[in-house]
Each structure stands twice: as C-alpha cells, then as structure tokens.
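Trainee: One structure coming up, written as structure tokens, with questions to follow.
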Amino acid sequence: MRGILICFFSLSFAGTVVAKPVFNGNFPTNQIRELWQICSITYQYKVPQMAEPLRWLICDCYVDTIREDLSPEKVVELNYEEAKELSARLINECNTKLGKKQEIQT
C-alpha cells in the first residue's frame, strides 16, 4: 500500500512545472504599499472621474513594473529626471496594456 501511495504522489507531481517567481521579495511590504498609495492618490487627484477598479489595475501594474525593473534602493535614489522617465515608461507600458493610453495621463 505504501508503495502505491509513493508511486501515486510521484506521478501526480511528475508533470508539474514550477514557474520562476516574478519578484524576488527584495521590496519591503511598506515600500510596496507606499508606491501603490502614491499612484492611487495621484490618479484620484488628476483623474477624479476614473473608476476605482481601473485605478487599482493601473497602480498594480505600476508597482509590479517597478518591482520587476528596479531595486528598492534605486527607487529611493531616483532623481527628478529619472523619476520623470520612469513615469513616462509606466504610463506607456501599463496604460497601453489596459487599452487606455489616450485617456490616462499623469
């Protein structure tokens, strides 16, 4: 019986593909929350008519993109020009993904 169980569990995991995590956990939770909150508040101020669910999707994308491309230290060290370039890239990448590039500008 024990051999059958081992064989069953071996077969059930044989075809499982483990995906590489997108984020390596290097961002502290509070920094992720701060980035997301800044995005959300900015959109609430600049585009008050935007539906909340759309704003949430955009801010999720912004934070995910930042986490994919930058380190926590680099985010804090961005100068004005680098932040402006990052903002333009986020608008281009995330707003385009959501099909709202022309309507949403921050």
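Trainee: Using the Karplus equation 6.51 cos²θ - 1.76 cosθ + 1.60 (θ = phi - 60°), what ³J(HN,Hα) coupling, rounded to whole Hz, does each residue of the stretch 27-42 give in order, writing x for Gly and Pro?
Mentor: 8, x, 4, 5, 6, 4, 4, 5, 4, 5, 5, 4, 4, 4, 5, 4
Trainee: Another question, if that's okay. Report the accessible area of Lys97, computed with a 1.4 Å probe over the heavy atoms of all protein chains in place, in Å² rounded to the nearest 10.
Mentor: 140
Trainee: Would you mind calculating the gained length between Ala83 and Glu52 on full extension (0.36 nm times residue separation, minus the Cα-Cα distance), in nm to one decimal?
Mentor: Difference between extended and current length: 8.7 nm.
Trainee: Enter the per residue convex hull volume of the stretch 26-84, computed from alpha-carbon coordinates, in Å³ rounded to the nearest integer.
Mentor: Each residue corresponds to 80 Å³ of Cα convex hull volume.
Trainee: I'd like the Karplus ³J(HN,Hα) series for the stretch 74-91: coefficients 6.51, -1.76, 1.60, θ = phi - 60°, whole numbers in Hz, and an x wherever there's a Gly or Pro.
Mentor: Each residue of the stretch 74-91 in turn: 5, 4, 5, 8, 4, 8, 4, 5, 5, 5, 5, 5, 4, 4, 4, 5, 5, 4 Hz.
Trainee: Right, here's the next one. Give a residue-ordered list of calculated ³J(HN,Hα) values for the stretch 49-60 (Karplus: 6.51 cos²θ - 1.76 cosθ + 1.60, θ = phi - 60°; whole Hz; x for Gly, Pro).
Mentor: 7, 5, 5, 3, x, 5, 4, 4, 4, 5, 5, 4
The values are calculated or read from the model by the stated rules, or taken from the named source; none is laboratory data. Predicted model only: the values in this text are computed from it and were never measured. Surface accessibility is based on the protein's heavy atoms, side chains included, excluding ligands, DNA and RNA. Shrake-Rupley method; radii C 1.70, N 1.55, O 1.52, S 1.80 Å.
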